[in-house]
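The values are calculated or read from the model by the stated rules, or taken from the named source; none is laboratory data. Just so it is clear, the model here is predicted, and its values are computed rather than measured. Ideal geometry is used to build each Cβ from the backbone, glycine not excepted, and the neighbour counts take in all protein chains shown. These accessible areas exclude ligands, DNA and RNA; they are computed on the full protein's heavy atoms, side chains included. Shrake-Rupley method; radii C 1.70, N 1.55, O 1.52, S 1.80 Å.
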Amino acid sequence: MLIMTDYHDSDRYQQGVELMESISMNPAGMDAIAAANGEVGENVARMLGEFCFGDVWTHGPLDLRTKRVITLATISALGRERQLRGHIAGALAQGFTREEIQSIFVHQFAYGGFPMGLSGLQVAQEVFAELDAQDDD
């Protein structure tokens, strides 16, 4: 019999939350995933917190800025626009400039093709416009 525990109680999950906060990502998103996805949601939130942020983002010698660049490039290459939006906003909050973010996608022209890089640039422009609109309010 599997005994479920609150996914918030895990040390690895807490390490993931701390990492997310250090790169200006809101860990409350994991609770939203848990709430919106029924029984599987808590497991997904736990996996994100423990593995993705608690293990992978804290692993190895690469600094968090480099890991963010890899994340932006990979998510863009995979065409995952929904997740790309959050990571673009997170990169800005982490201290990236708009020009640095755009440069990541321009660099993709040579290795992934213009459609991929242009898509990343388009999503970035949409995120920038949304943030500008919020600042105007």
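The single condition among (1) in contact (Cβ under 8 Å) with a residue 40 or more places away in the chain; (2) hydroxyl-bearing (Ser, Thr, Tyr); (3) within 30 Å of PHE109 (Cα to Cα) that THR97 does not meet is (1). The condition of being surrounded by fewer than 14 Cβ atoms within 10 Å (Cβ to Cβ), among the acidic types (Asp, Glu) and either touching a helix residue (DSSP H, G or I) at 6+ places or on another chain (Cβ under 8 Å) or modelled with pLDDT under 95 (or both) holds for only one of GLU50, GLU39, that being GLU39. Looking across the range 84-96, the residues that are crowded, with 16+ Cβ neighbours inside 10 Å, more than 14 Å from GLN122 (Cβ to Cβ) and hydrophobic (A, V, I, L, M, F, W, C) come down to ALA89, ALA91, LEU92, PHE96. Looking at GLU81, GLU99, just one residue is among the acidic types (Asp, Glu) and closer than 19 Å to CYS52 by Cα, and that residue is GLU81. Just one of the numbered conditions (1) closer than 30 Å to ASP9 by Cβ; (2) without any contact (Cβ under 8 Å) to a residue 40 or more places away in the chain; (3) among the charged types (D, E, K, R) is not true of GLU50: (2). Among the helices (runs of 4 or more DSSP H) confined to the range 1-67, the ones with at least 1 residues that are closer than 24 Å to ILE101 by Cα and not basic (Lys, Arg) are located at 11-22, 28-36. Is it true that GLU81 is open to solvent by 70 Å² or more (accessible area, probe 1.4 Å) and not aromatic (Phe, Trp, Tyr)? It is true that GLU81 is open to solvent by 70 Å² or more (accessible area, probe 1.4 Å) and not aromatic (Phe, Trp, Tyr).
If you scan the range 105-116, which residues turn out to be over 16 Å from GLN83 (Cα atoms), in contact with a helix residue (DSSP H, G or I) (Cβ under 9 Å, 6 or more places away or on another chain) and either basic (Lys, Arg) or open to solvent by less than 50 Å² (accessible area, probe 1.4 Å) (or both)? If the condition is that a residue be over 16 Å from GLN83 (Cα atoms), in contact with a helix residue (DSSP H, G or I) (Cβ under 9 Å, 6 or more places away or on another chain) and either basic (Lys, Arg) or open to solvent by less than 50 Å² (accessible area, probe 1.4 Å) (or both), then GLN108, PHE109, GLY112 are the ones that fit. Could you grab me the full set of residues in the range 53-66 that are free of Cβ contacts under 8 Å to residues at least 40 places away in the same chain and either crowded, with 17+ Cβ neighbours inside 10 Å or touching a Leu at 6+ places or on another chain (Cβ under 7 Å) (or both)? Once the filter is applied, which keeps residues that are free of Cβ contacts under 8 Å to residues at least 40 places away in the same chain and either crowded, with 17+ Cβ neighbours inside 10 Å or touching a Leu at 6+ places or on another chain (Cβ under 7 Å) (or both), the range 53-66 yields only PHE53. Being among the small types (Gly, Ala, Ser), open to solvent by less than 40 Å² (accessible area, probe 1.4 Å), closer than 25 Å to SER22 by Cα and assigned to a helix (DSSP H, G or I) is a description that does not apply to ALA129.
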